1. In which sequence would HIS80, HIS238 go, from the one with the fewest C-beta neighbours within 10 Å to the one with the most?
2. Applying the Karplus parametrisation 6.51 cos²θ - 1.76 cosθ + 1.60 with θ = phi - 60° to the phi angles of the range 90-102, what ³J(HN,Hα) value in whole Hz is obtained for each residue in order, glycine and proline being reported as x?
3. With 10 angstrom as the radius, rank PHE182, PHE38 by how many other C-beta atoms surround their C-beta, starting from the fewest.
4. Report the label-to-label distance for VAL268 and PHE182 in nanometres (one decimal), using points 7 Å from each Cα along the Cα→Cβ vector.
5. Tell me, what are the semi-axes, in whole angstrom and largest first, of the equivalent ellipsoid of the range 4-230 as set by the roots of 5 times the Cα gyration tensor eigenvalues?
6. Need one number: nm distance between label points at LEU39 and ARG117, each 7 Å from Cα along Cα→Cβ, rounded to one decimal.
7. Whose amide H sits under 5 Å from the amide H of TYR220, counting only residues 5 or more places off or on another chain, with H placed in the peptide plane?
8. Rank the residues GLU28, GLU214 as a footprinting-exposure proxy: fewest other Cβ atoms within 10 Å of their Cβ go first.
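Taken together, the values in this text are just the output of simple stated rules run on the coordinates, not laboratory data. Given the structure is predicted, the values throughout are model-derived calculations rather than measurements. Note that we place each Cβ from the backbone using ideal geometry, even for glycine, and neighbour counts take in every protein chain shown.
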Amino acid sequence: MDAISKKTSPSPSAAPLVSIVCPAYNQEAYVAQTLEGFLMQQTTFDFEILVNDDASTDGTARIIADYVKRYPTLIRAFYHETNQYSQGNPSVPRLFGEARGRYIAFCEGDDYWTDPRKLQIQVDFLESHPDYALTYHDAISFDTNGQYGIQLQGELRADATALGLQKARPISTLTTVFRNVFDSLPKELVAAPLNDLVWWSLLGAYGKGKFMGEIKPAMYRLHPGGVFSMRSNKRKLHMALQTSGALANYYNRLGNDELYEYFLMQLVGYSLSAITPQRKVQTLLQVGRNFSTNIGKRLMTTLNKGHVQ
């Protein structure tokens, strides 16, 4: 890992209850609005803001440094000399390890919150419901042309069971507040490109997820520099495929057959979606032949075991 300089100042004697984690890269035009969304939070508890600049080539680091000067006991900034994401070293969950809070709130440097009571509402719930590991709410996608509505629709705008979280159900990442329970990933999951889905799956081992519709939607910005939003559909599909494979390997090592087979099924589905229609037919025919062969072998084995001369 490259050298990191930390701009910190004396911290309050009591640890904050919440750590807001904010990765940033080349978001000069947006990061101030993101930070203002954190600073406007009205809470009865202390929180801290951890901002990670991944070697931005624009003025992002300068803007972050200005906020650190203005709020030295509230904001901790981490500055990289070389871009870590491009080297396969994303800033999170490693940055979670720097968090002193009991809870993590997450928002990237190009998105922002709109509700000043957001943190208070989510933390109050987690404090009084130890069987929940994660809270989340609505987010609206938008760009320079306007808004595109709520990100998650239908049954996704509801609570999640622990198993539902373990199955990596979609959640608007910029809306989440969750228990600070891990600062590293299992070896199978380190390279999974959709790392937020990995977080939800791991959090499912600690409890359920709570959807909080009373919180005003956060704003998810679509722009050419977006790490995920501007990826091609083919690339997004490949990222989902890789993540499902990583989760399948992880749960296979744990001996959890239900989740292992679930992510294998996801992997098959993504794989079929990624190939041409002609190859889909060839693949399905091959699967059918393999299925018939395996059934035949099992049947013969059963008959041979049951036959006594």
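1. By the 10 Å Cβ count, ascending, the order reads HIS238, HIS80.
2. Once rounded to whole Hz, the list reads x, 5, 10, x, 3, 5, 4, x, 8, 6, 9, x, 6.
3. Going from least to most buried by this count: PHE182, PHE38.
4. Distance between label points: 2.6 nm.
5. Ellipsoid semi-axes (Å, largest first): 24, 20, 19.
6. Roughly 2.4 nm, to one decimal.
7. Those lying under 5 Å, H to H, from TYR220 are ILE140, SER141, PHE142.
8. The most exposed by this proxy come first: GLU214, GLU28.
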